[in-house]
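In what follows, a single structure is set out as structure tokens and then discussed.
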């Protein structure tokens, strides 16, 4: 153990952190969150989420905006939808995609804001 870690340990006692919020360490929840971050971790999929943060879009509009084929966009959307990051609405043959909820919007906004802060 380095002197720095030993020094930190000597200043911290078990009762010192009672008021800190705790997050779940449940194995299933952590695995699900890891899958979510893997899905978001691809720059092309994150770009789609950022576009959808501005409102619902159809596959054609997303493909045009991204300069990719319909099948490529559909595949990316399928991955995001499998992790419950997106919802889709069908009106006849027209399918529109949107972020699943405000939690997804918060994740996308926070990630991009944090990335924009630089190092």
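In table form, for the structure just shown:
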{"item": "Enumeration of residues in segment 77-119 that are within 13 Å of residue 53 (Cα to Cα) and free of Cβ contacts under 8 Å to residues at least 40 places away in the same chain", "result": "86, 87, 100, 101, 102, 103, 106, 110"}
{"item": "Hits in segment 67-81 (condition: in a helix (DSSP H, G or I) and either farther than 15 Å from residue 100 by Cα or over 11 Å from the mean Cα position of the chain (by Cα) (or both))", "result": "70, 71, 72, 73, 74, 75, 76, 77, 78, 79, 81"}
{"item": "Subset tally (residues that are part of a loop (DSSP other than H, G, I, E, B) and either touching a helix residue (DSSP H, G or I) at 6+ places or on another chain (Cβ under 8 Å) or closer than 22 Å to residue 93 by Cα (or both)) for segment 50-66", "result": "3"}
{"item": "Condition check for residue 47: assigned to a helix (DSSP H, G or I) and within 18 Å of the chain's Cα centre (by Cα)", "result": "yes"}
{"item": "Qualifying position, being part of a loop (DSSP other than H, G, I, E, B) and under 18 Å from residue 46 (Cβ atoms), among 114, 103, 84", "result": "84"}
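Only the coordinates and a few stated rules stand behind these numbers; no lab work does. Computed from a predicted model, the values in this text were never measured in an experiment. All Cβ positions, even for glycine, are placed from backbone atoms using ideal geometry, and neighbour counts span all protein chains on display.
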